[in-house]
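A short reminder: the numbers here are calculations on the coordinates, not readings from a lab. A quick note: this is a predicted structure, and the numbers were derived from the prediction, not measured. Cβ placement follows ideal geometry from the backbone for every residue including glycine, while neighbour counts extend to all protein chains displayed.
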Amino acid sequence: MKSNELLLDAFGRIRETVEATLEGLDGGSLAMRPAATGNSIAWLVWHLARVEDVQVADAAGLEQVWFSQDFVGRFGLPLRPRDTGYGHTSDQVDAVRAPAELLQEYYGAVHRQTVEYVRTLSDEDLDRVVDTRWDPPVTLGVRLVSTIADCLQHAGQAAYAKGLQQKRGD
């Protein structure tokens, strides 16, 4: 197996978890916050999509799907256009509301751009430094694995939040 094939498998697992989590959820379920203060499923899926979009687009030298396909306008969130959710207050988490179809459409578009890019990568490409603000500098391989780890955590949190709702019968 080539390195890019391994990365494609990992990104595919994020997509599978997002799709399964969003299936059958209405607006109330998407907005519900565990223990009234946790992150909602809508926020978690939006955030993980934004993280993957920003990180991969930056590393690949591409425009973020958020802008290139006008998801920023379609979501119409009361947030700064480049916001990814990092450091959000409780009020900002509440402000992220969207139907499952739009969340899925955005993540699907992000995933397609990621797949198109990762398919082109060689093992040597993964050693390219993409961020010199860290010591040691961050390579493309490390950035992609970090993105996968972050997005899988949030996808798992969203699936857990869905499970909590189903257990309670919400």
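Quick notes
- Ranked packing of 10-17, 39-46, most packed first, by mean Cβ within 10 Å: 39-46, 10-17
- Label corresponding to volume of the Cα convex hull per residue in Å³ when calculated from the structure given, among (1) 142; (2) 105; (3) 117: (3)
- Leading residue at positive end of dipole, the chain (Cβ point charges), from 7, 158, 136: 158
- The peptide list 82-90, 105-113, put in order of mean Cβ contacts within 10 Å with the highest first, becomes 105-113, 82-90.
- Potential extension, residue 62-residue 8 segment - 0.36 nm per residue separation minus Cα distance: 17.6 nm
- Neighbourhood charge, 14 Å Cβ-Cβ cut-off, centred on residue 18 and excluding it, Lys, Arg +1 and Asp, Glu -1: -3
- FRET efficiency, residue 145 to residue 26 (Cβ-Cβ, R0 30 Å, nearest 0.05): 0.30
- Mean Cβ neighbour count within 10 Å, used as a protection proxy, ranking 122-128, 156-162 highest first: 156-162, 122-128
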